[in-house]
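**Q** First the structure, then my questions, so here it is.
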Amino acid sequence: MPQTDHNDEDLSKLLRFGGAREELPEHLKLKWEQHTREELAKVQLDRRQRKSHYFRKLSAIAATVVAVAIGSTYLLQSTDTTEVYAVLLHAEGECAVEYAKSDTKNTVEPVLANNSDAVTGEDSFITFTYRDHEVRINENTNVKIMTDELVLLEGEIYISDDLDSSFQSNSQSIFLRTPHGSIRDIGTQFLVRASAERTEATVRNGKIRVDDGESEVEISARSREARQATLGASSTIEIISADARGSQWDWIYNAREGFAIDGRSALELLEWAAKEMGASLEFLSAAAERRAEFSILRGNVIVTNPQNTIDVVLESSELRAKLSENGVLTVWRAERDIQSGLTVTSS
């Protein structure tokens, strides 16, 4: 018989032989009851904290407290779900998201909960996938993740996809709502900045469809420039030209893990760089493309901003690259292509 069974029998015999116990004095009885209630309250509080599905994200968001902290980023447990709409890729700084507890036991990806908020503080960023898109959130931003749409409450968001610009399926496009209207992408890369006064949507690849509740317009990026639509500043949607690269886009490089070069080909680096910069990739010769494909990069280097570091990284492969004004990243062999009479244009 197990040791615990012997202990239980011995305790039972002692209680029977001891007979009925005397009543505790009233003051001791009250003290015992108070102590018991206090201990029970601690246990109940601990259980509620361990079972709670909602957590405090930042001081601006009211929720029940209990979060699992990873550095300064909070992964917050929420409701069970079997649907996967958003998956966390990167979080940095003072930021918070709610994750879904999946019914699939083998799920290792941090799936974000539906109808939850993704929030960033100062110098903080979040990146996640949503359907067929990659979504990056700038600092001081609040985005609500819904089943069929994203809601930008304030701040700035960048959205990119790998879809062909001719696709028209609304089932795969992203619908983004702001306090001043809505934006739907049509195979694109675009930024949206929302404040109390206005919403600015800037597209540098493909098209977006913008609706302020009164009218709807479709704007397309041009070869040399982006196009920007402003909602809320006036009674109509204002459209102007904007920079397709530069200071307003630079934050997107910090919002994502960089490109670790070790063991990767120069071609992989160039393809990544072209996408990050919203550019197309062209090789000055077939030989340059082959060199890129078979050149394996080495070193403990992580490229974050491709505009500043790509030439240094390509040095060992004897390749050079240049981004033209119209958004073409041209690649050539350092000496051979130039000696062969091939030239790199800036337009």
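Conditions (1) touching a His at 6+ places or on another chain (Cβ under 6 Å); (2) of a type outside the set (Phe, Trp, Tyr); (3) closer than 29 Å to residue 118 by Cα, marked per residue:
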{"site": "231", "(1), (2), (3)": "yes, yes, yes"}
{"site": "278", "(1), (2), (3)": "no, yes, yes"}
{"site": "315", "(1), (2), (3)": "no, yes, no"}
{"site": "321", "(1), (2), (3)": "no, yes, no"}
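**Q** Only one of 156, 149 is under 26 Å from residue 100 (Cα atoms) and touching a residue at least 60 places away in the same chain (Cβ under 8 Å). Can you tell me which?
**A** Matching residue, one of 156, 149: 156.
**Q** I'd like the full set of residues that are surrounded by 21 or more Cβ atoms within 10 Å (Cβ to Cβ) and over 25 Å from residue 309 (Cα atoms), limited to segment 231-249.
**A** 231, 237 - these are the residues of segment 231-249 that are surrounded by 21 or more Cβ atoms within 10 Å (Cβ to Cβ) and over 25 Å from residue 309 (Cα atoms).
**Q** Here's another thing I want to ask about it. Answer with yes or no whether residue 327 is on the phi > 0 side of the Ramachandran plot and surrounded by 21 or more Cβ atoms within 10 Å (Cβ to Cβ).
**A** Criteria met by residue 327.
**Q** Let me ask something additional. Could you please tell me which pairs satisfy a Cβ distance under 8 Å, a separation of 6+ or placement on different chains, a first residue in segment 194-208 that is on the phi < 0 side of the Ramachandran plot and surrounded by fewer than 24 Cβ atoms within 10 Å (Cβ to Cβ), and a second residue that is assigned to a strand (DSSP E or B) and charged (D, E, K, R)?
**A** That search, which allows pairs on different chains as well, returns 195/154; 196/154; 200/193; 207/185; 207/218.
**Q** With the requirement that a residue be assigned to a strand (DSSP E or B) and touching a helix residue (DSSP H, G or I) at 6+ places or on another chain (Cβ under 8 Å), what does segment 128-150 give you?
**A** Correct list: 136 only.
**Q** Among (1) surrounded by 14 or more Cβ atoms within 10 Å (Cβ to Cβ); (2) of a type in the set (Val, Ile, Thr); (3) modelled with pLDDT under 95, which single condition is residue 252 missing?
**A** The one condition residue 252 does not meet is (3).
**Q** I'm told residue 275 meets every condition in (1) buried (at least 18 other Cβ atoms within 10 Å of the Cβ); (2) part of a loop (DSSP other than H, G, I, E, B) except one. Can you identify the failing condition by its number?
**A** Answer for residue 275: the failing condition is (2).
**Q** Inspect segment 259-271 for any residue being surrounded by fewer than 18 Cβ atoms within 10 Å (Cβ to Cβ), without any contact (Cβ under 8 Å) to a residue 12 or more places away in the chain and under 24 Å from the mean Cα position of the chain (by Cα) and give the result as yes or no.
**A** Yes, the conditions are met somewhere in segment 259-271.
**Q** Quick check on my filter: what residues within segment 298-309 are closer than 22 Å to residue 288 by Cβ, modelled with pLDDT of 85 or more and in contact with a strand residue (DSSP E or B) (Cβ under 6 Å, 6 or more places away or on another chain)?
**A** Residue satisfying the conditions is 303 alone.
**Q** Does residue 214 fit the bill of being within 18 Å of residue 158 (Cβ to Cβ) and at pLDDT below 95?
**A** Judged against the criteria, residue 214 is not a match.
**Q** A further question on this structure: Test of understanding: among 188, 178, which residue is among the polar types (S, T, N, Q), in contact with a strand residue (DSSP E or B) (Cβ under 9 Å, 6 or more places away or on another chain), at negative phi and modelled with pLDDT under 90? Before the answer, list the steps.
**A** Details: 178 fails: modelled with pLDDT under 90.
Answer to the check: 188.
The values are calculated or read from the model by the stated rules, or taken from the named source; none is laboratory data. Here the structure is a predicted model, which means the values were calculated and not measured. Cβ: placed from backbone, ideal geometry, glycine included. Neighbour counts: every protein chain shown.
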